[in-house]
1. If you rank 8, 121 by fewest surrounding Cβ atoms within 10 Å, what's the result?
2. Going by Cα centres, segment 1-72 and segment 75-108 are how many Å apart?
3. GNM on the chain, C-alpha springs below 10 Å: top fluctuator among 50, 118, 89?
4. With angles folded into 0 to 90 degrees, how steeply does helix 143-168 sit against the dominant principal axis of the chain? Use alpha carbons for both and round to 10.
5. If I take every Cα pair under 8 Å that is 6 or more residues apart in segment 66-154, average their sequence separation and divide by the length, what percent do I get for the relative contact order?
6. Counting other beta carbons within 10 Å of each Cβ, put 49, 86 in order, fewest first.
7. Checking the a/c ratio against 1.5 first, then a/b against b/c, what shape does the Cα gyration tensor give for the chain?
8. Calculate how steeply helix 22-35 sits against the longest principal axis of the alpha-carbon atoms of the chain, using the helix alpha-carbon long axis, and give the answer as 0 to 90 degrees to the nearest 10.
Ligand code: RP5
């Protein structure tokens, strides 16, 4: 169904409601490549391809996925509906689509889930953070990946400290 990025079985599924979300969602894939986590990426629409969404979510765990990153804009029901159909953790990325109400439509559609069906919602268009969060989840059970996430965060700290020391000079 979904296109895998290499020969290794994907651990993270990146899905999005439309190919128009791809420019935003690519940042999640970039972080997963950085951490060396195999992933797959495809379009699954809650409204335009509802049966495909059900099939994808129902099969995800048995296919070996560990985390799903779902991005959508507008009436962004994809992450929540997928979360209702799988026990896997779902990270939701609110995408600011072209006809959005400043992105609030996407944010609230993904964030305001009912009790019992959580979606880990990142900030508007923050697919990069979704990739890092997926890395942290996989890294909690895989020391090699955990070390890569730790190194990434150490790099951020180093960068800030370098800038801070320049300001002091
Ligand atoms: C949502 O509608 C998609 O996730 C996208 O963000 C938005 C607009 O989709 P297109 O009309 O560009 O295909 O389902």
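Nothing in this text is a laboratory measurement; each read-out follows from the coordinates by a stated rule. No experiment lies behind these values; they were computed from the predicted model shown. Reconstructed Cβ throughout: ideal geometry from the backbone, glycine too, with neighbour counts over all protein chains shown.
1. On the way: 8 11, 121 24.
Ranked by crowding around the Cβ, least crowded first: 8, 121.
2. With segment 1-72 and segment 75-108 each reduced to a Cα centre, they are spaced 14 Å.
3. So, out of 50, 118, 89, the one fluctuating most is 50.
4. Here the helix axis deviates by roughly 50 degrees.
5. Details: 162 pairs, mean separation 24.1, N = 89.
In percent, rounded to a whole number, it is 27.
6. Working: 49 14, 86 18.
Starting with the residue having the fewest Cβ neighbours, the order is 49, 86.
7. Working: a/c = 2.01, a/b = 1.36, b/c = 1.49.
Oblate.
8. The two axes meet at around 50 degrees.
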